[in-house]
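Data first, discussion second: the structure below is written as structure tokens.
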Amino acid sequence: MVLLLVALPVPALAQSAVETARAAITRYHEDPMLIDRAREQLEAELTRERRVETMIFLSRVCFLTGEVRAQTTDEKLAAYDRGREIGKRAVELAPKNADAHLWYAINTGRWGQTKGVLRSLFLLPTMREELDVIFGLNPRSASAHVLAGNVFFEVPALFGGDRAKAEAYYRKGLGIDPRFTVIRIELARLLIATDRVSDARRELQRVIDERAPTSVADWTVKDLPRARALLASLGDRA
């Protein structure tokens, strides 16, 4: 058995590291520390061999670290910054890989949002360029539609923000994956901002009632609590 393990090709080991991390983050709602372990494993794998697939998945796990595990703003910024750093390297090595561009862009956008939108307007050209590339490579990426919607929603109109475009991206994303619950959360936020409270309530209730979410972990840890909090915040508003 030892001889077989020693003889195992390095690429297969790298693949195993990514697949192990992938399996772990699908269950992080059971134990959030699975995110930490996945990140440590992927970082260790990169010290052995710098594979694009490992970089992409590490970028994704860094995003989860910022979203779920980070306790302070500085910790969040550090996680997103590492995610965009390693994502950019993946883009440089694999410019035609849609996932490399996606996670680089997601971490970049979240880093900017955490810093403050007005302080991060210099990132807009990069975000627009990355979105163009992602949609060119994979026009049916539901995650890219969420990202695009968020950019148009969060950025002030003076600098190119457009709530109508944001809504169009959210709704197209739902057409691609109606069980991707984060889209309904973001759409509900936009509906609230545009005084369509009853429509927002329906979207939030659909998140709460969802029984087969695309990501059970994300729905359990992030989307369900956000939906309940947003719904409660509406109170008796018509």
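The values are calculated or read from the model by the stated rules, or taken from the named source; none is laboratory data. Being a predicted model, the structure only gives us computed values, none of them experimental. Here Cβ is always computed from backbone atoms with ideal geometry, including for glycine, and neighbour counts include all displayed protein chains. Heads up: the accessible areas ignore ligands, DNA and RNA and are worked out on the full protein's heavy atoms, side chains in. Shrake-Rupley method; radii C 1.70, N 1.55, O 1.52, S 1.80 Å.
Brief remarks follow.
- Of all the numbered requirements in (1) closer than 17 Å to A24 by Cβ; (2) among the hydroxyl-bearing types (S, T, Y); (3) out of contact with any helix residue (DSSP H, G or I) (no Cβ under 7 Å at 6 or more places or on another chain), T72 misses one, and that requirement is (1).
- Selection count where residues are within 18 Å of the chain's Cα centre (by Cα), of a type in the set (G, A, S) and surrounded by 14 or more Cβ atoms within 10 Å (Cβ to Cβ), scope the stretch 16-48: 3
- None of R171, R202, R237 is at pLDDT 95 or above, over 17 Å from A144 (Cβ atoms) and either surrounded by 19 or more Cβ atoms within 10 Å (Cβ to Cβ) or not β-branched (V, I, T) (or both) except R202.
- Selection status of A166, touching a His at 6+ places or on another chain (Cβ under 7 Å) and crowded, with 18+ Cβ neighbours inside 10 Å: no
- Long-range neighbours under 7 Å by Cβ, at least six apart or interchain, first residue closer than 19 Å to A100 by Cβ and open to solvent by 10 Å² or more (accessible area, probe 1.4 Å) within the stretch 140-153, second of a type in the set (D, E, K, R) and at pLDDT 95 or above: A142/D177; V146/E186
- Of all residues in the stretch 53-72, those satisfying the criterion of being of a type in the set (S, T, N, Q) and part of a helix (DSSP H, G or I) are T54, S59, T65.
- Filter result for R226 (closer than 26 Å to F63 by Cβ, open to solvent by 50 Å² or more (accessible area, probe 1.4 Å) and part of a helix (DSSP H, G or I)): yes
- Filter pass, A70 being closer than 19 Å to S120 by Cβ and in contact with a Leu (Cβ under 9 Å, 6 or more places away or on another chain): yes
- From the options G83, G136, G87, residue that is under 30 Å from L158 (Cα atoms) and in contact with a Cys (Cβ under 6 Å, 6 or more places away or on another chain): G83
- Lone qualifier among K96, K76, K88 - being more than 18 Å from the chain's Cα centre (by Cα) and at pLDDT 95 or above: K96
- Against the numbered list (1) within 22 Å of A217 (Cβ to Cβ); (2) open to solvent by less than 40 Å² (accessible area, probe 1.4 Å), R179 comes up short only at (2).
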